[in-house]
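The values are calculated or read from the model by the stated rules, or taken from the named source; none is laboratory data. Since this is a predicted model, take the numbers as computed values, not measurements. Heads up, the Cβs are rebuilt from the backbone with ideal geometry, glycines too, and the neighbour counts pull from every protein chain shown. Only protein heavy atoms, including side chains, enter the accessible area calculation; ligands, DNA and RNA are left aside. Shrake-Rupley method; radii C 1.70, N 1.55, O 1.52, S 1.80 Å.
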Amino acid sequence: MRRDPPEPRRARVGARATVAAALFLAVAAAGAARAAGPSRLPERAAGSARLAGQLLVATSEMGDPRFFHAVIYMIEHDASGAMGLLVNRPVATVPLARLLADVGADTAGVSGTIRVRLGGPVEVSRGAVLHTAEYATKETLRVTSLVSVTWEPEILRAIAGGSGPRRSLFALGYAGWGPGQLEAEITAGAWIAVPADEELVFGDDDEEKWEQAISKRLIELPGAETPSLQGGEERRPPWYTVPGWS
């Protein structure tokens, strides 16, 4: 992945622009503003991953502009690497019907909108839904007893129909680290890990999430030898691709 900041640019979306184009331009604009596999994941016990279910919060030592004031909900963290979703990078609000159409789901009777967030710099054409754990399908990974993540597009239809999870967050892309990378970044002072709570994860006040998260207590983690501020691509979950969002 590139470590140099994205070039500043402005994106305007016309009234007739497609949802896919609008989201692509919104993701690009969000990056510019901050610059100034297998069919499913293997199942794991909720307590087997060290930082899974916690929030990773960027500090003032963070050298990568893509993660400036980032708050990341950690989905997996073990000896083979780590993966999480940014929860404080809104990029667009789109009609649910158009989003469902783009992923090939039934749009009959669907109304309302959904907020789209940038989940991270890797695979930004792919999406997932982080949500409260009372909702589950065969493609759902339970991170903790309270929070799960689902890659199956039908969850969007469930949300539209009122049968989905109580609270949810739809994100494009993810943040990923290879073995030892995250530990090294924490040792270098780029991140702290803090307990997650429902409002920090699913709340709409994205501008306040970083300050609220950074004020929580530090959870120390043994580090690795070589620091790195570059998110890796080693962790590749079974994201579904939204046509045109590449």
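At a glance:
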| item | result |
| --- | --- |
| Complete set of residues in the stretch 174-205 that are more than 18 Å from T132 (Cα to Cα) and in a helix (DSSP H, G or I) | Q181, L182, E183, A184, E185, I186, T187 |
| Cβ-Cβ under 8 Å pairs, at least 6 apart or on other chains, the stretch 184-196 side more than 10 Å from T59 (Cβ to Cβ) and modelled with pLDDT under 95, far side of a type in the set (V, I, T) and open to solvent by less than 10 Å² (accessible area, probe 1.4 Å) | A193/V57; V194/V57 |
| Test for D106: is it charged (D, E, K, R), outside any strand (DSSP E or B) and within 16 Å of the chain's Cα centre (by Cα) | no |
| Failed item in (1) surrounded by 17 or more Cβ atoms within 10 Å (Cβ to Cβ); (2) of a type in the set (G, A, S); (3) at pLDDT below 90, with G164 passing the rest | (3) |
| Qualifying residues in the stretch 109-121 (those that are surrounded by fewer than 21 Cβ atoms within 10 Å (Cβ to Cβ) and among the aliphatic types (A, V, I, L, M)) - the one farthest from the chain's Cα centre (by Cα) | V110 |
| Scan of the stretch 187-201 for residues that are farther than 16 Å from G53 by Cβ and open to solvent by 10 Å² or more (accessible area, probe 1.4 Å), ordered by number | T187, A188, G189 |
| Among residues of the stretch 82-101, those that are open to solvent by 30 Å² or more (accessible area, probe 1.4 Å) and under 15 Å from W151 (Cβ atoms), counted | 0 |
| Matching residues, the stretch 123-143, being assigned to a strand (DSSP E or B) and either among the aliphatic types (A, V, I, L, M) or buried (at least 23 other Cβ atoms within 10 Å of the Cβ) (or both) | V124, G127, A128, V129, L130, H131, L141 |
| Total residues in the stretch 162-192, condition touching a helix residue (DSSP H, G or I) at 6+ places or on another chain (Cβ under 9 Å), under 22 Å from L146 (Cα atoms) and among the hydrophobic types (A, V, I, L, M, F, W, C) | 5 |
